[in-house]
Amino acid sequence: MHVQRRVRHLPWLLILIIWIAAGCQPVSTYPYVSLAEPPPYFTPTAAPQTSQPILRVAIAAVISPRGTVEGYTPLLDYLAQHTGRSVRLIQRKTYAEVNDLVRDGGVDLAFICTGAYVQGRREFAMDLLAVPQVDGQTVYYSYIIVPADSPARRLIDLRDKVFAFTDPMSNTGRLMPIYLLWQIGETPQKFFRRTIYTFSHDNSIQAVAKGLVDGAAVDSLVYHYALSREPSLAERTRVIAQSDPCGMPPVITPAQLDAELKAELRDILLTMHLDPTGKNVLNRLLIDRFVPVDERAYDSVHEALVQIGDLL
């Protein structure tokens, strides 16, 4: 599930630093890019810190930290009310760091990226709980976007340009665009003049809208949500390519989580659309409902990883 509120502008100086630092460095040395961040965790007002047991929830940095807190607070409040637990939001800068938390049992529930799920499952066990259904669909896409005044009409038109990925483990923000390049016999290193990491889809959208990069790969759900909240983005950006459909970013738990708590969380998510309060929370996130998911939903992402594994 990917959501955001209106984001603040990215500082010009920060972008210049990114361009200088990022260049063609290997993934192990990528720079961090973020907006002003909240504290390392956020406890919803509905669940004040008491002697209650704590439910630790991680949300991958699909959108900026501030956007995550603003967008997900109603959902976290809902979880607090229906579990009787004090809910703690735990944020990390990268998808890999969230996966580490899941692997080590550092969280009880996590909203993660499709790419992080598929890659993480290669290394350790995690359990699928549900996925969001949006406009009746349980798939989403990688969009290649450019500034509205760009002459680019196809992905091939971005040769020798500056391009923004989101996160090294992002499905829509890195894996799928690399797969699109692979299908035409290209690699990012040879095709683009320079690539950077923004570490959130809203950062990438803003970078394109401001003309700070020539193009970016973004999550289709985040892009449409961004346009609904900031209509001027539709006048400043446009989509020139998209990937094949991919399974929705899942909600997961560590495999070792207590079975009773796991079942309770699954039931809360799968039934919240039947509760007027829960339905209102989902509406604010532009989600129809949460639905069960099968591992086969991620076959296309598995296939892409097999094909381009050496390029990641």
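Each reported figure results from applying straightforward, stated rules to the coordinates on display, with no laboratory input. Remember, it's a predicted structure, so these values are computed and weren't measured experimentally. Reconstructed Cβ throughout: ideal geometry from the backbone, glycine too, with neighbour counts over all protein chains shown.
Couple of notes before you dig in:
- Footprinting exposure proxy ranking of ILE156, ILE205, fewest other C-beta atoms within 10 angstrom first, gives ILE156, ILE205.
- Stretching ASP135 away from GLU97 to a fully extended chain increases their span by 10.6 nm, per 0.36 nm per residue minus the current alpha-carbon distance.
- Amide H contacts of LEU55 (H built 1.01 Å from N, under 5 Å, at least 5 apart or other chain): SER86, VAL87, ARG88
- Fewest-first ordering of CYS246, CYS113 by other beta carbons within 10 Å of each residue's beta carbon gives CYS246, CYS113.
- Trypsin sites (Lys or Arg not before Pro) restricted to DSSP loop in segment 205-253 with at most 15 other C-beta within 10 Å: LYS210
- HN-Hα J in Hz across segment 156-161 - Karplus 6.51, -1.76, 1.60, θ = phi - 60°, x for Gly and Pro: 4, 6, 8, 4, 6, 9
- Part-to-part distance (alpha-carbon centres) for segment 238-312 and segment 162-217, which is given in Å: 23 Å
- Cβ-to-Cβ counts within 10 Å put PHE290, PHE199, PHE124 in ascending order as PHE124, PHE290, PHE199, the fewest first.
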